[in-house]
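Some notes on the structure that comes next.
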C-alpha cells in the first residue's frame, strides 16, 4: 500500500514548530491535522490546488473515523495527562500509541482518496498550491485566514522544503 502522505506527514510533522502550528489550528479552530497535512502534501509534492469541493470530499471521506475514533482517543489521552492514579501514565502512553495508529489509519483513508483522484487533478506551482489549499481548508472550516496566518508559516515552509 502506498504511504506517501504518511511519509510526508512524518517528515514535516517532525519539525517542532510545525507540530505547534498544527496543534494550535486543531485546538483553536477545530481543524483536523491530517487535513492540514493533506493540503500541504498535495500542494508541495504534486502542485495540486484543491477546490472547496475537494476539501469537502476529503473531509467526508474521514469524518466518521475522525469523529468516532480519533477525537475520543485524543480526549482520553489528554484527560489521562492529569490523572493521579498509579497506572494512569502507563495507560496514557498506551492510548497515545493507539491514537497515533488511528491517525495513521485516517491518513491511509486519505491516501485512498488521493489515489482515486490524483490523475484527474490539475498540477501547478507548489508554493501557490500549498497556500491555496490551506486557504481553502480554512475557508471551508469557517476560519478567517487573518486569524490563522501567523500559525501557518512554519508548516508551509516545512512542506515546501521537503
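Observations on the model:
- Residue match in the stretch 32-47 (condition: at pLDDT 90 or above, loosely packed, with under 15 Cβ neighbours inside 10 Å and either touching a strand residue (DSSP E or B) at 6+ places or on another chain (Cβ under 8 Å) or under 27 Å from residue 125 (Cα atoms) (or both)): no
- Boolean, residue 76 is touching a strand residue (DSSP E or B) at 6+ places or on another chain (Cβ under 8 Å) and either surrounded by 15 or more Cβ atoms within 10 Å (Cβ to Cβ) or without any contact (Cβ under 8 Å) to a residue 24 or more places away in the chain (or both): no
- Checklist (1) farther than 24 Å from residue 67 by Cβ; (2) in contact (Cβ under 8 Å) with a residue 40 or more places away in the chain; (3) over 14 Å from the mean Cα position of the chain (by Cα) applied to residue 139, failing item: (1)
- Unmet criterion (only one of (1) without any contact (Cβ under 8 Å) to a residue 12 or more places away in the chain; (2) surrounded by 18 or more Cβ atoms within 10 Å (Cβ to Cβ)) for residue 134: (1)
- Among residues of the stretch 137-150, those that are outside any loop (DSSP other than H, G, I, E, B) and either surrounded by fewer than 20 Cβ atoms within 10 Å (Cβ to Cβ) or in contact with a strand residue (DSSP E or B) (Cβ under 9 Å, 6 or more places away or on another chain) (or both), counted: 7
- Going through (1) surrounded by 17 or more Cβ atoms within 10 Å (Cβ to Cβ); (2) over 12 Å from residue 155 (Cα atoms); (3) under 13 Å from the mean Cα position of the chain (by Cα); (4) modelled with pLDDT under 95 one by one, residue 27 falls short only on (1).
- Index of the failed condition, residue 75 passing every other in (1) part of a loop (DSSP other than H, G, I, E, B); (2) within 22 Å of residue 21 (Cα to Cα): (1)
- Residue match in the stretch 122-129 (condition: assigned to a helix (DSSP H, G or I) and under 17 Å from the mean Cα position of the chain (by Cα)): yes
The values are calculated or read from the model by the stated rules, or taken from the named source; none is laboratory data. What you see is a predicted model, and the numbers here were worked out from it, not measured in a lab. Because the Cβ atoms are built from the backbone with ideal geometry, glycine has one as well, and the counts that use them run over all protein chains shown.
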